[in-house]
1. Against the conditions (1) surrounded by 14 or more Cβ atoms within 10 Å (Cβ to Cβ); (2) more than 19 Å from residue 34 (Cβ to Cβ), where does residue 106 fall short? Just the number, please.
2. Identify, please: which residue in region 150-167 is within 18 Å of residue 56 (Cβ to Cβ), out of contact with any Pro (no Cβ under 8 Å at 6 or more places or on another chain) and of a type outside the set (Phe, Trp, Tyr) and is, among those, most open to solvent (accessible area, probe 1.4 Å)?
3. Taking residue 127 and the conditions (1) touching a Ser or Thr at 6+ places or on another chain (Cβ under 9 Å); (2) surrounded by fewer than 16 Cβ atoms within 10 Å (Cβ to Cβ); (3) touching a residue at least 24 places away in the same chain (Cβ under 8 Å), which numbered condition does it fall short on, given that it satisfies the others?
4. Name the residue, out of 124, 95, 65, 79, that is under 13 Å from the mean Cα position of the chain (by Cα) and among the aliphatic types (A, V, I, L, M).
5. Restricting to region 93-112, what's the tally of residues that are at positive phi and assigned to a strand (DSSP E or B)?
6. Residue 115 fails exactly one of the following numbered conditions: (1) at pLDDT below 95; (2) open to solvent by less than 60 Å² (accessible area, probe 1.4 Å). What is the number of that condition?
7. Any idea which residue in region 48-57 is nearest to residue 135 (Cα to Cα), counting only those that are open to solvent by 20 Å² or more (accessible area, probe 1.4 Å) and of a type outside the set (A, V, I, L, M)?
8. Do you know which residues across region 128-146 are touching a strand residue (DSSP E or B) at 6+ places or on another chain (Cβ under 9 Å), assigned to a strand (DSSP E or B) and not hydrophobic (A, V, I, L, M, F, W, C)?
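The values are calculated or read from the model by the stated rules, or taken from the named source; none is laboratory data. Computed from a prediction, not measured in an experiment: that's the story for all the values here. Neighbour counts are summed over all protein chains in view; Cβ atoms, including those assigned to glycine, are modelled from backbone coordinates with ideal geometry. Accessible surface areas use protein heavy atoms only, side chains included; no ligands, DNA or RNA. Shrake-Rupley method; radii C 1.70, N 1.55, O 1.52, S 1.80 Å.
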Amino acid sequence: MRRRFMLLFVVAAALTIVWPAASTATAPNNESNSYVFFLEVPNSAQNSAGDTLAVTGEGMFGVHAKSASGGGQYTFTGADGSTFSGTWTVNGLIAFQPYGCGVIFGTPIPPDLCGGRVVLDVTATTPFGPRSAQLTIYCEIGSPPPSSEEGITAVIPSVGSFNRQTGGMNVYVKS
C-alpha cells in the first residue's frame, strides 16, 4: 500500500512540474493582439506523392476580432519535375495558437518578435483556375510544443495535403 501511495505521489509531483511548461504552447489565446507575418524565404512542404509547395509572402492577422489579410507567391514542383507558380491571397483567419514572444531556444530576442501556429484560409491562382486552400504557418519563437517545426503545411482539397515540412523561416511581429 505504501509503495502504491509513493508511486502515485511521484507521478502527481512530476505532472505538477511538467504540466505548466507543456501547456503554455497550447493555452487558449484570449488576447486581442494583432500581428504582421513575414515569410521572406521560401517555406516548403511536401505531399505523399513527392510534390513540393514553396511559399513566400506577408500579411497581418488579428486574434480578437478574428481577421487576416495578405498574400504572396508560391511555386509548385511536381515529383515528375513539372513546375508552375502563382499567387495566393488570404481570405481569413481560421485559428492562432501562440507560442510566446521575445525568446528563441532560450536566447532573448526583441519582445515584439513572436511565434505560434497560424492557420489561414487562402485562395491560390493556378493555371487551372482559383483553388481554395488552408495554409498553416509555424514559427518556433517562444515555447513551441516539442513536435513543432518551423515552416508551413498546406491542405489543398483538389491537390492533397502538404504535411511534410521541408524548410522554412518566418516571424510574427506583434503590432
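1. So the condition that residue 106 fails would be (1).
2. Within region 150-167, the subset within 18 Å of residue 56 (Cβ to Cβ) is 150-154, 156, 162, 165-167.
Keeping just the survivors that are out of contact with any Pro (no Cβ under 8 Å at 6 or more places or on another chain) gives 150-154, 156, 162, 165-166.
From what's left, of a type outside the set (Phe, Trp, Tyr): 150-154, 156, 165-166.
Details: 150: 47, 151: 0, 152: 0, 153: 23, 154: 5, 156: 25, 165: 42, 166: 66 Å².
Within region 150-167, the match that is most open to solvent (accessible area, probe 1.4 Å) is 166.
3. Of the numbered conditions (1) touching a Ser or Thr at 6+ places or on another chain (Cβ under 9 Å); (2) surrounded by fewer than 16 Cβ atoms within 10 Å (Cβ to Cβ); (3) touching a residue at least 24 places away in the same chain (Cβ under 8 Å), the odd one out for residue 127 is (1).
4. On the way: 124 fails: under 13 Å from the mean Cα position of the chain (by Cα); 65 fails: under 13 Å from the mean Cα position of the chain (by Cα); 79 fails: under 13 Å from the mean Cα position of the chain (by Cα).
From the options 124, 95, 65, 79, the qualifying one is 95.
5. Taking region 93-112 as the starting set, the residues that turn out to be at positive phi are 100, 102, 105-106.
Right, trim to assigned to a strand (DSSP E or B) and you get 100.
Residues flagged as at positive phi and assigned to a strand (DSSP E or B) within region 93-112 amount to 1.
6. It is condition (1) that residue 115 fails.
7. Within region 48-57, the subset open to solvent by 20 Å² or more (accessible area, probe 1.4 Å) is 48-52, 54, 56.
This time we only want the ones that are of a type outside the set (A, V, I, L, M), so: 48, 50-52, 56.
Values: 48: 17, 50: 18, 51: 16, 52: 14, 56: 12 Å.
Once the filter is applied, the top-ranked residue is 56.
8. 130, 131, 132, 134, 136, 138
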